[in-house]
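The values are calculated or read from the model by the stated rules, or taken from the named source; none is laboratory data. All values derive from a computational prediction rather than experimental measurement. Cβ coordinates were reconstructed from backbone atoms using ideal geometry, including for glycine residues, and neighbour counts include every protein chain displayed. Side chains included, ligands, DNA and RNA excluded: accessible areas come from the protein's heavy atoms. Shrake-Rupley method; radii C 1.70, N 1.55, O 1.52, S 1.80 Å.
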Amino acid sequence: MEWMKRLNQAVSYIEEHLTEEIDYEELAKIACCSTYHFQRMFSYIADVTLSEYIRRRRMSMAAAELSTGKEKIVDIALKYGYDSPTAFNRAFQSVHHTAPSAARKNGIILKSYPPISFQITIKGDAEMNYRIETKKSFRIIGPSAPMHKDVEKNFQMVPGLWTKAAADGSVQKLVSKIGKEPQGILGVSACDDKSEQWKYLIAVSSDDPAEEGWDEYMVPAATWAIFEGEGTMPESIQQLEKRIGTEWLPNSGYEFGEAPDIEVYLNADPENAKYEVWVPVKKKSE
């Protein structure tokens, strides 16, 4: 229950700062997790990315002001953080499918997106197999790419890195270097708030030297909630991660820890994949 309460407190913070730059790190502090975990869980639970939600709320407020007031469009654009009329026009049209100048016309259709509210939904219709394990730090190697701190901007980068790794033979090389636990190809989101640069790695746990152009990374010692899953990729793993945030975490006695999210792929069949989702956790603070 505490997890949903924190999410709603974060939404309240967004509402109070719609006309200011919204600090993602502050949102994460309110929710007691990293900025990466907050953005990812928000998108899974709300079915919309954090940045898109903020855009919709701002454009909802801007439309209401345009339709009922006499304030200049440029002033409303500045109020909601758009220094460029072109950028404001683009954002407004992406939500309302009409130009800001048309919002004052009689009979024009505008969209309203009210503030979101998170609630616990008790389902219990499908079991979730998981285990809690504490692991020592371990070394991983593999190709990597930098991640943007606005998680939405990584949605094309991560699949692109997997496509490239499969095409250039990196995945096959990684399979040959699997030597330690966890036994599988890993998708690792190394997104520590203390790091200047976030990155995503396709990797394996191994003591072998990294190939030219690869990266190496030490996964810190941590406690993990490890969930089993199988099904069509990527839909099934996204659904599992959504269930972790909405069904398991609120009543688990745990909260997010400070370590990377890890996906462990145990076979290579995208139509019938077997995998594990490793979520870093710590016992909930009193």
### Task
Scan region 19-39 for residues that are open to solvent by 10 Å² or more (accessible area, probe 1.4 Å) and either in a loop (DSSP other than H, G, I, E, B) or aliphatic (A, V, I, L, M) (or both) and jot them down.
T19, E20, E21, I22, D23, I30, C32, C33, S34
### Query
On the given criteria, is E2 open to solvent by 20 Å² or more (accessible area, probe 1.4 Å), of a type outside the set (F, W, Y) and modelled with pLDDT of 95 or more?
no
### Task
With the condition kept exactly as written, say whether any residue in region 61-70 is within 23 Å of the chain's Cα centre (by Cα), of a type outside the set (S, T, N, Q) and open to solvent by less than 10 Å² (accessible area, probe 1.4 Å).
no
### Query
Does any residue of region 123-130 turn out to be within 29 Å of Y13 (Cβ to Cβ) and among the small types (G, A, S)?
no
### Task
Out of A145, A190, A165, report the one residue that is touching a strand residue (DSSP E or B) at 6+ places or on another chain (Cβ under 6 Å) and within 30 Å of P250 (Cβ to Cβ).
A190
### Task
Look through region 125-180, keep the residues that are among the hydroxyl-bearing types (S, T, Y) and within 30 Å of E247 (Cα to Cα), and return whichever of them is surrounded by the most Cβ atoms within 10 Å (Cβ to Cβ).
Y130
### Query
If you scan region 6-18, which residues turn out to be assigned to a loop (DSSP other than H, G, I, E, B) and either of a type in the set (D, E) or out of contact with any helix residue (DSSP H, G or I) (no Cβ under 7 Å at 6 or more places or on another chain) (or both)?
H17
### Query
Take the residues of region 132-148 that are under 21 Å from Y36 (Cα atoms) and of a type in the set (S, T, Y): which is farthest from the chain's Cα centre (by Cα)?
S137
